[in-house]
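The block underneath contains the structure these notes are about, expressed in C-alpha cells.
The values are calculated or read from the model by the stated rules, or taken from the named source; none is laboratory data. This structure is a prediction, so every number in the text was calculated from the model and none was measured. When we count neighbours, we look across all protein chains shown, and the Cβ atoms used for this are built from the backbone with ideal geometry, even at glycine. Keep in mind that these areas ignore ligands, DNA and RNA; they rest on the heavy atoms of the full protein, side chains included. Shrake-Rupley method; radii C 1.70, N 1.55, O 1.52, S 1.80 Å.
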Amino acid sequence: MNALTSLDRPNSYIGRSVPRPNAKRLLAGRGRYVTDIRLPRMLHAAFLRSPYAHARIISIDVDAARALAGVHLVATGADIARICAPWTGTLDHFKGMTSEPQLPLPLDRVVWAGQAVVAVVAESRALAEDALELISIGYEELPAVVDLDAARQPGTPRVNPSGTSNICFRTQLDSGGVDEAFASAAHVVEEEFSFGRHTPVTLEPRAIVADYDAESGSLTVHHATQTPYQFQDLYARHYGIPEARVRVIAPDIGGSFGMKLHVYHEDMAVVGLSILLARPVKYVADRIESFVSDIHARDHHVRARMAVDVEGKILAMDIHDATAIGAFSTYPRTSVVEGNQVVRLIGAPYDFKSYRAVLEVVFQNKVQTSQYRAVGHPIACAVTERMVDLAASQVGIDPFTMRARNVIADNAYPTASPTGYKFEALSHEICLQRLRGIMDYDALRTEQAELRQRGIHRGIGIATFVEITNPSPAFYGVGGARISSQDGATLSLTPSGEVRCAISVTEQGQGTEAIIGQIVADQLGVAQDHVKVITGDTEVTPHGGATWACRGAGIGGETALQAARRLKANILEIAGLILQEQPSALDIIDGQVVGVATGQLRLPVAEIARIAYFRSDTLPPGTQAQLTVSHHFAPQGYPFAFTNGIQGCYLEVDVHTGFIKLLKHYVVEDCGRIINPMLVDEQLRGGVVQGLGAALFEECRYGETGQLLNGSLADYLVPMAMEMPDIIIDHVETPTADTILGAKGCGEAGTAAASACVLNAVNDALAPLAASINAIPITPARVLKALGRY
Amino acid sequence: MSSEIDDAEEAVRVRFTVNGRKVACEVAPRDTLVDCLRNALELTGTHAGCEMGACGACLVQLDGRAVHGCLMFAVQADGARIDTIEGLSESGAIADLQAEFHRRNALQCGFCTPGMLINAHELLSRLTEPSRAAIRDALSGNFCRCTGYEAIVDAIAAVADARAAKASQEGSPG
C-alpha cells in the first residue's frame with residue numbers, strides 16, 4: 001500500500017518538480033534583456049581602451065571625435081571625475097589589505113590592457129565606434145607585471161608606484177600542531193598546483209541603460225545585474241543622488257554566475273555620461289570587450305603538504321596559496337574573498353586537527369579578478385582531493401576507502417573545521433556510499449583494468465566537497481560593505497483573490513521566481529498559477545541581498561515562507577470575522593477557506609478579498625483588513641549554511657593525442673530541503689559543466705606584455721554539447737534547523753568539485769604510465785608533456 | 001576633419017519577407033542581419049552573443065536554412081525569406097520543441113534558447129530519429145552556459161521520438 005506523502009496534499013509545491021512559469025516567454029523569444037531595451041532619445045556609448053598593460057597617459061586629443069556629426073559627448077577621466085566619487089575595493093575584516101582608489105575612467109595611468117580610457121556617446125553604437133578611431137592618446141609605456149610569480153619577487157616593478165610592494169593582502173591560519181604532526185607522520189605527500197585564470201562568459205554580455213532625469217534629479221538604471229539594491233546604493237553614493245531617487249531595474253538577465261554583481265568602470269561611466277547629457281545612454285559590451293573587462297577568476301599557485309598516519313588517517317595539512325588579482329581589488333566585494341575561501345575550505349570535509357595556511361594576494365597588470373560561481377571552492381577542492389588521492393596511493397588504499405576513513409562522521413555534528421568553519425550537519429558518509437552505488441564503482445574498476453590490457457587508458461576520479469551557502473552578515477556586512485544578508489518580500493492578496501509577491505531575491509535563469517511561487521502557493525494554500533512573483537526592481541520590492549552565494553532558496557525562500565504565513569494569518573482573521581469562527585479553526589486549501597476539523601468548504605479566499613476591499617462596511621467596526629504584508633528575514637544561528645556532496649568522473653585519456661573524453665559524471669549532493677528537484681538537478685548539471693570547462697578548456701592566456709591572447713569565443717574554449725557527458729545525480733536531504741524551510745543552496749556545488757574530479761581521474765588514468773598532472777586546464781599539450789611526448 | 005555623418009551610415013533600402021510578412025527597411029550597409037532584425041524590425045528574440053559566428057545565439061532561418069544573423073549583412077539578405085523565433089513561435093512550427101524544453105527545464109537564462117530551438121528545428125527536419133550523439137554533434141555550434149546541455153539533448157530526443165511515433169501512427173494502415 002502506498003502511504004500518502006506531504007506531496008499528496010493540495011497545493012503541496014515544496015518538493016515538486018514544477019516547470020518555471022517565466023520560462024515560456026524566453027522560449028518564445030519574448031524575453032526582455034537589457035540588451036533589448038530602447039528608450040526615447042537614447043544614445044550609445046563606446047570606449048577607447050588601452051593597448052598597454054601599464055602606461056602613463058601623456059596626452060589625449062579628442063577634437064576630431066567631438067567634431068564628428070552624431071557625436072554628443074566625448075568624456076575623459078577628468079570629465080567624469082568631476083561628478084563621481086572614487087571607490088576603493090577593500091573591506092575592514094580583511095586586515096591590512098590595500099587597493100588603489102578607482103574612477104570610471106583613469107586620470108593619468110592605465111593598469112591593464114583593455115582598460116577603458118575615453119568614452120564617446122553618439123547616435124548609434126557604430127558612430128560612437130567611428131569616433132573612437134579619431135581619438136589619439138599619447139602613452140608612455142611602464143613596466144608591466146604580468147606573471148604571478150614575478151609579481152611576488154623582490155625588486156619586481158610595482159603595479160602601483162605609490163605602494164611599497166605588489167602585495168594586496170596576506171593572511172595566515174594556524175590551528176597548531178602542524179610541525180609535530182608532519183614530524184611524526186608515517187607518510188607525507190607534497191604537490192604544487194597551478195590553476196588557470198578563467199572568466200565566466202555569460203552568453204548575454206554586460207549591458208546597462210542609464211537614464212538620468214535632470215528635472216527631477218532622479219536616475220533609473222536598467223542593469224543586467226544580480227544585485228539591483230547594491231547598485232542602487234552605489235550609484236546614489238558615488239554620484240551624490242538621494243537613494244530614493246535611484247531606481248535600478250534588472251529585467252531578464254542572460255547569465256551572470258557572479259560576474260554581474262561587481263562594479264565595472266564602464267558601467268559607472270555610463271551612469272555619469274547619462275548625468276552629463278541628461279539623456280538615456282546605453283552600453284553593451286561586445287564579446288572582445290567582455291573578455292578584457294569582465295572579471296576573471298581563479299589565478300592561483302598552491303603548494304600543499306599532507307601528513308597521514310600508517311592507516312591513512314589525515315593528521316595535518318600545510319598550504320601556501322598565492323593568487324594574482326589584477327591591478328586593484330574589485331569593488332565592493334574585493335578580490336580577496338576567493339583566496340580567503342580557498343585557504344579556509346581546504347580540508348573542510350575531513351576530520352583532522354592541524355592545519356596551517358598562508359595566503360598571499362598580489363597585484364598584476366591584468367583585468368580585475370573577483371567572485372565567480374563557487375568562489376574559491378574549485379581550488380580548495382582540487383588541492384584537497386588530489387592530496388587525498390596522493391596520500392591514498394602512498395598508503396596503498398583505494399580512494400573510496402581513504403575518504404571513508406577520513407570524512408567527518410555523519411553523527412559527529414555539530415562540529416567545526418580546523419579553519420573555524422562551523423558545521424551544523426553534513427552527510428559525507430552517506431553521500432560517499434551513495435556515490436559508490438550510482439557509479440557502480442567496482443564494475444568501473446574492473447572495466448578499467450580490462451581496458452588497460454588493451455592499451456585504453458581510462459580514469460576514475462572522485463571528489464568530496466563542502467559548499468558555503470546562505471551567508472550571514474559575517475560575509476560582507478561586518479567588513480563595512482553595504483551588501484545586505486537579509487531579504488524582504490511584499491505579499492498582497494489582490495481583490496480577485498490572487499497573490500502578488502514582490503521579493504528582493506533576483507532571477508538569472510536558475511528558477512528563483514519559480515521556487516518563490518511554489519513556496520508562497522504551498523504556504524498560503526492556493527494554486528501556483530494564482531501567485532505572481534515580481535523581482536529585480538528596487539522601486540517595487542523591499543531592499544535585500546538578492547541572488548548570489550546560493551542564498552536565493554535558503555534566505556529568499558524563508559523570507560517568502562514567513563511572509564506567506566503572515567498573510568495567511570491575516571486572511572484567516574478576516575475569514576474568522578465573516579464566518580464567526582476562531583481563525584485557528586480555519587485553514588486555506590486550494591484557494592478556499594475550510595474548517596480545520598471538518599475540511600468543509602466555508603468561503604473562497606476571493607470572497608474575503610472582495611469583502612475586505614469593496615465592502616469593508618460589512619465587517620465589524622474597527623476591523624482593518626491587512627491583506628498586504630511586508631516581511632524581512634535575516635539569517636541567524638550559523639553564520640553560513642554549509643552543504644556537502646561528492647562527485648565522480650569517468651573518462652578516457654588518449655595517450656597519443658592527449659585528448660580527454662569525458663564518459664560520465666556523477667553527483668551526490670545534499671542541499672537540505674529541496675524545493676524543486678528538477679531545478680536543483682539542472683543547477684547541478686550546469687554547475688558541473690562550468691567546472692568541467694575549467695578542468696579541460698578554459699584559460700585566459702596572456703602574452704609577455706600583458707595582452708590577452710585568446711579574447712574571443714573562437715579562441716577561448718568553453719564546453720560544448722559534444723564534449724560534455726551525461727550527468728547522473730542523487731540527493732541526500734539534511735535540512736538546516738536554522739529556518740522553517742530548511743533549504744540551503746545548490747548553485748555552486750556542481751562547479752565546486754567537477755574540476756577536482758577530472759584532475760583525479762586523469763591522474764588515475766596516467767598512473768600506470770608514471771605520469772602526473774598538477775595544473776588545470778588539463779590541455780592535450782599538458783597531457784602529452786606529462787607523458788614526455790611533447 | 002569631416003563633420004558629416006559618416007558615409008558608412010548612409011541608408012540602403014532592403015526588402016525581405018520576415019515571418020511571412022513583406023517588410024522594407026532602411027539599413028546602413030554595415031548593419032548585420034541580426035542588428036537589422038533587432039533594431040529596425042524590433043525582433044529582439046534573436047540575440048547577438050559573439051558577433052563572429054561562434055555561439056549560435058543569432059541563428060535565424062533564411063530561405064528555410066539556419067544561418068548566423070551576425071555573419072551576414074542585412075543588404076545580403078535582400079529578397080530573402082527570413083523566419084525568426086517570433087515567427088516560428090506564432091506559427092506553431094516549433095510548439096512541441098518549446099513545450100518539451102519547458103517541461104524539462106532545458107533553458108535557464110534563455111539567451112541561447114532561440115538559437116538552440118532554430119538549430120533543433122533544422123536538425124529534426126533533416127533527421128527524424130537522431131541519436132543522442134548526433135544531437136550533441138548538431139548542437140556544437142550553440143553555446144549554452146547555464147544548462148550543461150543534457151536537458152536540451154533530452155528535450156530534442158523526446159520530440160524526435162514523439163514526432164516519429166506520430167508519423168508511424170498516421171502512416172500505419174487502418
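So the values come out like this:
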{"item": "Answer from A:475, A:423 - the residue that is among the aromatic types (Phe, Trp, Tyr) and either surrounded by fewer than 23 Cβ atoms within 10 Å (Cβ to Cβ) or farther than 30 Å from residue A:174 by Cα (or both)", "result": "A:423"}
{"item": "Selection count, region A:673-726, where residues are touching a Cys at 6+ places or on another chain (Cβ under 6 Å) and at the interface with another protein chain (Cβ under 8 Å from one of its Cβ atoms)", "result": "2"}
{"item": "Odd one out for residue B:165, checked against (1) within 14 Å of chain A (Cβ to nearest Cβ); (2) in a helix (DSSP H, G or I)", "result": "(1)"}
{"item": "Considering residues of region A:486-511 that are more than 21 Å from residue A:527 (Cβ to Cβ) and among the hydroxyl-bearing types (Ser, Thr, Tyr) only, the residue farthest from the other protein chains (Cβ to nearest Cβ)", "result": "A:504"}
{"item": "Scope region A:168-217; condition open to solvent by less than 20 Å² (accessible area, probe 1.4 Å), assigned to a strand (DSSP E or B) and not aliphatic (A, V, I, L, M); matching residues", "result": "A:168, A:169, A:193, A:195, A:198"}
{"item": "Every residue from region A:488-520 that is in contact with a helix residue (DSSP H, G or I) (Cβ under 9 Å, 6 or more places away or on another chain), over 24 Å from residue A:610 (Cβ atoms) and either open to solvent by 10 Å² or more (accessible area, probe 1.4 Å) or not aliphatic (A, V, I, L, M) (or both)", "result": "A:488, A:504, A:506, A:507, A:508, A:509, A:510, A:511, A:512, A:515, A:518"}
{"item": "Flag if residue B:27 is closer than 27 Å to residue A:68 by Cβ, more than 11 Å from chain A (Cβ to nearest Cβ), of a type in the set (Val, Ile, Thr) and open to solvent by 30 Å² or more (accessible area, probe 1.4 Å)", "result": "no"}
{"item": "Those strands (runs of 3 or more DSSP E) lying entirely in region A:10-88 with at least 1 residues surrounded by fewer than 16 Cβ atoms within 10 Å (Cβ to Cβ), in contact (Cβ under 8 Å) with a residue 12 or more places away in the chain and more than 14 Å from chain B (Cβ to nearest Cβ)", "result": "A:55-61"}
{"item": "Selection count, region A:163-179, where residues are closer than 16 Å to residue A:419 by Cα, β-branched (Val, Ile, Thr) and more than 31 Å from the chain's Cα centre (by Cα)", "result": "1"}
{"item": "Tabulated pairs, region A:470-489, first farther than 19 Å from residue A:539 by Cβ, second in a helix (DSSP H, G or I), C-beta under 7 angstrom, 6+ apart or interchain", "result": "A:470/A:554; A:470/A:555; A:483/A:230; A:483/A:477; A:485/A:477"}
{"item": "The lone exception for residue A:706 - which of (1) in a loop (DSSP other than H, G, I, E, B); (2) within 25 Å of residue A:384 (Cα to Cα) it fails", "result": "(2)"}
{"item": "From B:121, B:68, B:102, residue being at the interface with another protein chain (Cβ under 10 Å from one of its Cβ atoms), open to solvent by 10 Å² or more (accessible area, probe 1.4 Å), out of contact with any His (no Cβ under 7 Å at 6 or more places or on another chain) and not hydrophobic (A, V, I, L, M, F, W, C)", "result": "B:102"}
{"item": "Qualifying position, being in contact with a Gly (Cβ under 6 Å, 6 or more places away or on another chain) and not β-branched (Val, Ile, Thr), among B:100, B:86", "result": "B:86"}
{"item": "Unique residue being of a type in the set (Gly, Ala, Ser), out of contact with any strand residue (DSSP E or B) (no Cβ under 6 Å at 6 or more places or on another chain) and open to solvent by less than 10 Å² (accessible area, probe 1.4 Å) when the list is A:672, A:693", "result": "A:693"}
{"item": "The lone exception for residue A:482 - which of (1) under 28 Å from residue A:606 (Cα atoms); (2) surrounded by fewer than 19 Cβ atoms within 10 Å (Cβ to Cβ); (3) touching a helix residue (DSSP H, G or I) at 6+ places or on another chain (Cβ under 8 Å) it fails", "result": "(1)"}
{"item": "Filtered residues of region A:549-582 (kept if within 43 Å of the chain's Cα centre (by Cα) and over 26 Å from residue A:738 (Cα atoms))", "result": "A:571, A:572, A:573, A:574"}
{"item": "Hits in region A:320-329 - residues which are crowded, with 24+ Cβ neighbours inside 10 Å and touching a helix residue (DSSP H, G or I) at 6+ places or on another chain (Cβ under 9 Å)", "result": "A:321, A:323, A:324, A:325"}
{"item": "Search result, residues across region B:36-78 that are among the small types (Gly, Ala, Ser) and in a loop (DSSP other than H, G, I, E, B)", "result": "B:45, B:48, B:49, B:53, B:54, B:56, B:57, B:64, B:69"}
{"item": "Output for region A:393-414, where each listed residue is more than 30 Å from residue A:770 (Cα to Cα) and touching a residue at least 40 places away in the same chain (Cβ under 8 Å)", "result": "A:408, A:409, A:412"}
{"item": "Identity of the residue in region A:89-133, surrounded by fewer than 20 Cβ atoms within 10 Å (Cβ to Cβ) and of a type in the set (Gly, Ala, Ser), that ends up farthest from residue A:275 (Cα to Cα)", "result": "A:96"}
{"item": "Qualifying positions in region A:218-236 - in a loop (DSSP other than H, G, I, E, B) and either modelled with pLDDT under 95 or within 14 Å of another protein chain (Cβ to nearest Cβ) (or both)", "result": "A:224, A:225, A:226"}
{"item": "Failed condition for residue A:165, given (1) of a type in the set (S, T, N, Q); (2) outside any strand (DSSP E or B); (3) in the same structural domain as residue A:241 (by TED's automatic domain parsing)", "result": "(3)"}
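Residue by residue, here is whether (1) part of a loop (DSSP other than H, G, I, E, B); (2) surrounded by 24 or more Cβ atoms within 10 Å (Cβ to Cβ); (3) on the phi > 0 side of the Ramachandran plot; (4) not assigned by TED's automatic domain parsing to the domain that holds residue A:573 holds:
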| residue | (1), (2), (3), (4) |
| --- | --- |
| A:593 | no, yes, no, no |
| A:607 | no, no, no, no |
| A:611 | no, no, no, no |
| A:617 | no, no, no, no |
| A:646 | no, yes, no, yes |
| A:655 | yes, no, no, yes |
| A:682 | no, yes, no, yes |
